[in-house]
Amino acid sequence: MLVGLIVACEVAFWVLLLAGLVARYPLRRPRVGAALLIAVPLVDLVLLGATVVDLYGGATATFAHGLAAAYLGFSVAFGHSMVRWADQRFAHRFAGGPPPVRPPRYGLARARYEWREWGKGMLGWAVACGLLLAAILLVGDAERTRELESWIGRLSLVMAGWLIFWPVAYTVFPKRRPPGVAAG
């Protein structure tokens with residue numbers, strides 16, 4: 001059930017985001033659009049509530065409970081960026097806004113971008129691990145929360161891989177602009 005709710009929350013995130021942007025730009029209803037965009041984080045609260053109720057009600061933590069914590073953590077860290085990304089594209093397409101900002105592709109600017117994105121990932125990791133630890137404390141039974149402890153290790157491993165293969169790699173081996181390619 002929880003995996004289905006996670007999928008439903010992801011779908012609801014994108015549906016509310018799309019509806020908010022359609023109301024804001026093509027329909028020119030900025031207040032309706034703002035209300036729909038404000039509702040986007042409420043989807044996360046539904047998932048958080050369902051997860052807490054399930055665990056507090058006696059369920060043994062499963063992969064889905066850990067996935068819910070990871071989803072919530074990274075939604076907190078990257079949700080605003082995703083909304084901004086979509087908003088730039090809608091504003092450009094439907095309201096004559098400037099072209100969307102693209103991440104830098106080369107050199108030190110790209111390395112800084114990768115460090116900033118990894119920093120957001122670390123925020124997501126911290127929120128997810130905080131939720132996992134809170135759930136472990138809430139349940140108070142090591143046998144029922146073993147899977148949640150595993151998720152802390154999984155997320156830490158993912159963040160270590162991300163650190164090595166993106167920010168560190170782009171810092172140590174910066175991608176150079178090919179000759180003849182204009183800056184920008």
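The values are calculated or read from the model by the stated rules, or taken from the named source; none is laboratory data. Note that this is a predicted model, so its numbers are computed, not measured. Heads up, the Cβs are rebuilt from the backbone with ideal geometry, glycines too, and the neighbour counts pull from every protein chain shown. Just the protein is used for accessible areas: all its heavy atoms, side chains included, with ligands, DNA and RNA removed. Shrake-Rupley method; radii C 1.70, N 1.55, O 1.52, S 1.80 Å.
Against the condition in a helix (DSSP H, G or I), under 27 Å from R93 (Cα atoms) and open to solvent by 50 Å² or more (accessible area, probe 1.4 Å), how does P41 come out, does it pass? Reasoning before the result, please.
On the way: in a helix (DSSP H, G or I): yes; under 27 Å from R93 (Cα atoms): yes; open to solvent by 50 Å² or more (accessible area, probe 1.4 Å): yes.
Considered against the rule, which asks whether it is in a helix (DSSP H, G or I), under 27 Å from R93 (Cα atoms) and open to solvent by 50 Å² or more (accessible area, probe 1.4 Å), P41 comes out as yes.
For segment 66-184, which fully contained helices (runs of 4 or more DSSP H) count at least 1 residues that are touching a Phe, Trp or Tyr at 6+ places or on another chain (Cβ under 6 Å) and in contact (Cβ under 8 Å) with a residue 60 or more places away in the chain?
107-139, 142-163
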- Can you pull out the residues in segment 92-111 that are small (G, A, S) and within 25 Å of R177 (Cβ to Cβ)? G107, A109, A111
- Message: Can you tell me which of (1) more than 18 Å from the chain's Cα centre (by Cα); (2) open to solvent by less than 50 Å² (accessible area, probe 1.4 Å); (3) under 19 Å from A68 (Cα atoms); (4) not basic (K, R) is the one F13 doesn't meet?
- Response: (1)
- Scan of segment 1-21 for residues that are farther than 30 Å from T60 by Cα and touching a Phe, Trp or Tyr at 6+ places or on another chain (Cβ under 8 Å), ordered by number: L21
- In segment 132-162, residue modelled with the lowest pLDDT [restricted to those that are of a type in the set (A, V, I, L, M) and open to solvent by 50 Å² or more (accessible area, probe 1.4 Å)]: L138
- Task: Within segment 85-96, identify whether any single residue is open to solvent by 60 Å² or more (accessible area, probe 1.4 Å), at pLDDT 95 or above and touching a helix residue (DSSP H, G or I) at 6+ places or on another chain (Cβ under 9 Å), and answer yes or no.
- Result: yes
- For residues that are under 9 Å from the mean Cα position of the chain (by Cα) and either surrounded by fewer than 18 Cβ atoms within 10 Å (Cβ to Cβ) or modelled with pLDDT under 95 (or both), tally how many sit in segment 51-78. 1
- Message: Checking the structure you have, find out if any residue of segment 20-35 is surrounded by fewer than 16 Cβ atoms within 10 Å (Cβ to Cβ), in a loop (DSSP other than H, G, I, E, B), at positive phi and free of Cβ contacts under 8 Å to residues at least 40 places away in the same chain.
- Response: yes
